[in-house]
There are 2 protein chains.
Amino acid sequence: MPARVDHEERRRQIAEALLRIADAQGLQSASMRAVATEAGVSLRLVQYYFTTKEELLLDALARLGGQLESRMKRWIRAAGSPPTPRSIVTALLSCMVPTDQESRRIVRTYSAYYALVLDAPEVLEKHGTTPPILLEAFVAERIRTAQQAGEADAARDPEIAAAGLLAMVNGLGSSVLGGQRDGDSALAILTHHLDELFNPR
Amino acid sequence: MPARVDHEERRRQIAEALLRIADAQGLQSASMRAVATEAGVSLRLVQYYFTTKEELLLDALARLGGQLESRMKRWIRAAGSPPTPRSIVTALLSCMVPTDQESRRIVRTYSAYYALVLDAPEVLEKHGTTPPILLEAFVAERIRTAQQAGEADAARDPEIAAAGLLAMVNGLGSSVLGGQRDGDSALAILTHHLDELFNPR
DNA sequence: ATGTATATGATACATCTGTATCATGGCAGT
DNA sequence: ACTGCCATGATACAGATGTATCATATACAT
């Protein structure tokens, strides 16, 4: 039945199968064969659309980034209109705490990739998106704006506060996924710190 | 040449070989054979002293925990005498930021284990030590003490502040290992937040 | 002195992994 | 209607991995 086929669609189908496996059983279990089976295609096809496994992993990672980005936009949009610096930062950070199924999935999969990259730093070079630093600058900028409006503690350094918050979100995610804390309490901890930052006393 | 041999010593030798490999090339590369070679023994011996790989992994993890604990004690001791709540908390958290070779090693190896546990949560049950929660309570208690002495912001909830700091340290470690930041700037971010907590205004 | 438990070596096995090769059915352009 | 390229299938290959088996030399208890 080989008619001309939509390559992008096929790649999407396969890469998402990879992400599904990574979520359910870990990246380690995402072998070419497992991905093929999960995607309902033959091993050959996985090889056909992604010549090498590294290519597949990187493509799936980019898609994961896209999913996180669209989640963040969705949360920011839902945070209120008109958006305030505080609501934006709150939404941005809160949506990265594993409280619902989607965030758990995203955070868990990112963690798996993180571990992978730790021992193959060269792979990271080929990955276009570099979100963390951009995110930090973005958050810092909102904090600065809030400070100028008298809506945030003016004594804080915006860059440092932003970096600290991002790191905290990251760490909270780890503890939730590690089972040491549930998502709600992690969110409460984050919210508490946001209240402190955004409540000028 | 088989004389009666010190089992504990042999186990230590092998487990530490595992940790060395995990540090240098990642836990993934720590196969039984690789560990045997690194430890300078035969594959059979690794099997002899640790029947199964899981047993080896858990034993090495316990030793890693011991190394972290002794590092923490060392740092706390070096933090000044007599120790103040602030110096204790500062030392405890600072020594987990990957600034020197030992902390990088420890944090990196813990990260590798973390990824491993994400997909095999049942393994975690067999692991005796559960440091993170205890650490949190310990830090919270020092904060409370400092508050009572007027040496810390009394408006903060000690438990929440402690949890936030621990998460931040964790997240900072990840970003350093991920190459997005160097150890010194991570430490600066942590220190800044500690200053805020411990400087009643 | 002898036998038995201990410590170690050599090697085999089954499985999984990523990748490569060979083959073939069908559509498109001419 | 033929030809060549696109999409896909079946299968092979080489290497790694965890674990198991068989053998054996030594040291100690008796």
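The values are calculated or read from the model by the stated rules, or taken from the named source; none is laboratory data. Quick caveat: nothing in here was measured; it's all calculated off a predicted structure. Cβ sites come from the backbone with ideal geometry, for glycine too, and all protein chains shown count toward neighbours.
Table for the structure above
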{"quantity": "Cβ pairs under 8 Å, 6+ apart, first in region A:42-61 and within 14 Å of chain B (Cβ to nearest Cβ), second away from DNA strand D (no atom under 12 Å from the Cβ) and outside any helix (DSSP H, G or I)", "calculated": "A:LEU61/A:HIS127"}
{"quantity": "Index of the failed condition, B:MET72 passing every other in (1) within 14 Å of chain A (Cβ to nearest Cβ); (2) free of Cβ contacts under 8 Å to residues at least 40 places away in the same chain; (3) surrounded by 18 or more Cβ atoms within 10 Å (Cβ to Cβ)", "calculated": "(1)"}
{"quantity": "Residues of region A:155-171 satisfying the condition of being surrounded by fewer than 24 Cβ atoms within 10 Å (Cβ to Cβ), more than 8 Å from chain B (Cβ to nearest Cβ) and under 16 Å from A:ARG86 (Cβ atoms)", "calculated": "A:PRO158"}
{"quantity": "Criterion (closer than 23 Å to B:ARG12 by Cβ, out of contact with any strand residue (DSSP E or B) (no Cβ under 7 Å at 6 or more places or on another chain) and among the basic types (Lys, Arg)) met by exactly one of B:ARG104, B:ARG86", "calculated": "B:ARG104"}
{"quantity": "Members of region B:82-103 that are under 17 Å from B:GLU151 (Cα atoms) and among the polar types (S, T, N, Q)", "calculated": "B:THR84, B:SER87, B:THR90"}
{"quantity": "Filter result (touching an Asp or Glu at 6+ places or on another chain (Cβ under 9 Å) and within 8 Å of DNA strand C (Cβ to nearest atom)) within region A:29-49", "calculated": "A:SER29, A:ALA30"}
{"quantity": "Any hit, region A:16-36, residues being modelled with pLDDT of 95 or more, over 24 Å from the mean Cα position of the chain (by Cα) and over 21 Å from B:LEU118 (Cβ atoms)", "calculated": "yes"}
{"quantity": "Matching entry among A:LEU57, A:LEU43 (being closer than 19 Å to B:ALA115 by Cβ and surrounded by 13 or more Cβ atoms within 10 Å (Cβ to Cβ))", "calculated": "A:LEU57"}
{"quantity": "Residue in region A:71-81 that is of a type outside the set (A, V, I, L, M), more than 17 Å from the chain's Cα centre (by Cα) and within 25 Å of A:LEU124 (Cβ to Cβ) present", "calculated": "no"}
{"quantity": "Subset of region B:18-40 that is away from chain A (no Cβ under 14 Å) and within 13 Å of DNA strand D (Cβ to nearest atom) - its residue that is surrounded by the fewest Cβ atoms within 10 Å (Cβ to Cβ)", "calculated": "B:ARG33"}
{"quantity": "Looking only at region A:172-201, and only at residues there that are assigned to a helix (DSSP H, G or I), acidic (Asp, Glu) and surrounded by fewer than 18 Cβ atoms within 10 Å (Cβ to Cβ), the one that is farthest from the other protein chains (Cβ to nearest Cβ)", "calculated": "A:ASP184"}
{"quantity": "Any hit, region B:102-110, residues being of a type in the set (Phe, Trp, Tyr), assigned to a helix (DSSP H, G or I), within 14 Å of another protein chain (Cβ to nearest Cβ) and away from DNA strand C (no atom under 16 Å from the Cβ)", "calculated": "yes"}
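Residue-wise test of (1) closer than 30 Å to A:ASP59 by Cα; (2) free of Cβ contacts under 8 Å to residues at least 40 places away in the same chain.
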site	(1), (2)
A:VAL123	yes, no
A:HIS127	yes, no
A:ALA140	yes, yes
A:THR145	no, no
A:GLN148	no, yes
A:GLY178	yes, yes
A:SER185	no, yes
A:ALA188	no, yes
